Amino acid sequence: MTYCAGLLLNDGVVLASDTRTNAGLDNIATFSKMRIWERPGDRVVVLLSAGNLAVSQAVATLLDERAETEAPEGETLFTATSMFQVARLVGAVVREVRQMDGEALEAMSESFSATFLLAGQIEGGQVRLFQVYAAGNFIEATQDTPFLQIGEHKYGKPILDRVATMDMAPAEAAKLLLLSFDSTLRSNLSVGMPIDLMIYRKDALKVELKRRYEADDAYFKKISESWSEALRSSFGSVPDFEI
């Protein structure tokens with residue numbers, strides 16, 4: 001399994017994903033779950049994936065191949081005129097892969113499980129963040145719900161529920177997402193480092209930052225330890241239970 005999260009901001013979007021995949025306790029590997037398509041000055045499209053790795057890789061590869069074709073048939077990531085149309089395109093490719101592989105997966109008693117976070121901006125449009133389901137349909141982040149999560153999200157959700165707002169600065173949002181991952185890593189062995197983090201700032205039309213945090217990363221260790229200390233301190237300041 002994996003964990004991916006995205007936070008939509010007034011000033012852009014911040015996304016993060018872990019890299020662990022496992023098919024049993026003794027078959028663990030590292031794969032990036034973040035794919036970026038960038039044409040500076042025109043668009044940035046980012047796709048994060050969770051679920052069946054073969055399914056999510058098939059979806060990303062089809063999108064990639066069609067985007068690179070000189071005379072493609074139909075819309076591609078580089079010809080779509082809005083992020084909504086990109087979300088529809090991703091959904092259509094998910095359904096196409098399901099049609100190709102779904103029956104074979106079911107025959108082996110495996111489910112067609114893959115979900116995606118899609119974010120980015122096309123020149124002239126707004127920064128948008130979507131969650132695409134295995135059926136190909138999708139929802140969009142809004143001011144009421146500015147963050148979206150896929151995969152093993154339950155341990156990292158409480159801090160996002162309490163802290164996340166659209167008016168956060170990108171650096172502040174990046175710190176929040178990393179703390180959300182720290183909480184998840186402590187409670188779920190199916191999520192593991194390295195963590196890929198991406199910051200996109202509104203109207204830049206190029207990726208501002210993409211960074212991988214390894215298990216020995218000094219900053220990640222520092223915020224993890226600081227957060228643990230802050231929680232212990234806050235717990236001590238809560239009124240005592242009376243018997």
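The values are calculated or read from the model by the stated rules, or taken from the named source; none is laboratory data. Bear in mind that the values here come from a model prediction, so they are computed numbers and not experimental data. Here Cβ is always computed from backbone atoms with ideal geometry, including for glycine, and neighbour counts include all displayed protein chains.
Screening residue 56 with (1) modelled with pLDDT of 90 or more; (2) loosely packed, with under 14 Cβ neighbours inside 10 Å; (3) of a type in the set (Gly, Ala, Ser) gives one miss only, at (2).
Residues to consider are 6, 41; find the one that is surrounded by 21 or more Cβ atoms within 10 Å (Cβ to Cβ), touching a Leu at 6+ places or on another chain (Cβ under 9 Å) and at pLDDT 90 or above.
On the way: 41 fails: surrounded by 21 or more Cβ atoms within 10 Å (Cβ to Cβ).
Sole residue among the options that is surrounded by 21 or more Cβ atoms within 10 Å (Cβ to Cβ), touching a Leu at 6+ places or on another chain (Cβ under 9 Å) and at pLDDT 90 or above: 6.
When residue 179 is tested against (1) over 30 Å from residue 39 (Cα atoms); (2) exposed (fewer than 13 other Cβ atoms within 10 Å of the Cβ), only condition (2) is not met.
Listed here are the residues, each with its yes/no results for (1) part of a helix (DSSP H, G or I); (2) more than 24 Å from residue 210 (Cα to Cα).
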{"position": "38", "(1), (2)": "no, no"}
{"position": "46", "(1), (2)": "no, no"}
{"position": "67", "(1), (2)": "yes, no"}
{"position": "94", "(1), (2)": "yes, yes"}
{"position": "102", "(1), (2)": "yes, yes"}
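Filtered by the rule that a residue be among the small types (Gly, Ala, Ser) and buried (at least 16 other Cβ atoms within 10 Å of the Cβ), the range 223-243 gives a lone residue, 224. Taking the conditions (1) crowded, with 19+ Cβ neighbours inside 10 Å; (2) farther than 21 Å from residue 151 by Cα; (3) among the basic types (Lys, Arg) in turn, residue 66 satisfies each one other than (1).
Scanning the range 112-126 for residues that are under 21 Å from residue 84 (Cβ atoms), in contact with a helix residue (DSSP H, G or I) (Cβ under 8 Å, 6 or more places away or on another chain) and assigned to a loop (DSSP other than H, G, I, E, B) yields a count of 2.
Of all residues in the range 197-217, those being part of a loop (DSSP other than H, G, I, E, B) and either within 18 Å of the chain's Cα centre (by Cα) or modelled with pLDDT of 95 or more (or both) number 9. Inspection of the range 131-149 identifies at least one residue that is within 20 Å of residue 13 (Cβ to Cβ), without any contact (Cβ under 8 Å) to a residue 60 or more places away in the chain, crowded, with 16+ Cβ neighbours inside 10 Å and in contact with a helix residue (DSSP H, G or I) (Cβ under 6 Å, 6 or more places away or on another chain). Every condition in (1) out of contact with any Phe, Trp or Tyr (no Cβ under 7 Å at 6 or more places or on another chain); (2) assigned to a helix (DSSP H, G or I); (3) of a type outside the set (S, T, N, Q); (4) at pLDDT 95 or above is met by residue 160 except one, and the failing one is (1).
Restricting attention to the range 111-130, which residues are within 22 Å of residue 55 (Cβ to Cβ) and surrounded by 14 or more Cβ atoms within 10 Å (Cβ to Cβ)?
Keep residues of the range 111-130 that are within 22 Å of residue 55 (Cβ to Cβ), which gives 111-120, 129-130.
Once the filter is applied, which keeps residues that are within 22 Å of residue 55 (Cβ to Cβ) and surrounded by 14 or more Cβ atoms within 10 Å (Cβ to Cβ), the range 111-130 yields 112, 114, 115, 116, 117, 118, 119, 120, 129, 130.
On the basis of being in contact with a strand residue (DSSP E or B) (Cβ under 7 Å, 6 or more places away or on another chain) and touching a residue at least 60 places away in the same chain (Cβ under 8 Å), does residue 152 make the cut? Can you show your working first?
Working: in contact with a strand residue (DSSP E or B) (Cβ under 7 Å, 6 or more places away or on another chain): yes; touching a residue at least 60 places away in the same chain (Cβ under 8 Å): yes.
When the stated conditions are applied, residue 152 passes them.
What do you reckon, is residue 173 small (Gly, Ala, Ser), part of a helix (DSSP H, G or I) and modelled with pLDDT of 95 or more? So residue 173 fits the description; yes. The one condition from (1) at pLDDT 95 or above; (2) surrounded by 12 or more Cβ atoms within 10 Å (Cβ to Cβ); (3) outside any helix (DSSP H, G or I) that residue 220 does not meet is (3). Surrounded by 13 or more Cβ atoms within 10 Å (Cβ to Cβ) and either in contact with a strand residue (DSSP E or B) (Cβ under 9 Å, 6 or more places away or on another chain) or of a type in the set (S, T, N, Q) (or both): does that describe residue 167? So residue 167 does not fit the description; no.
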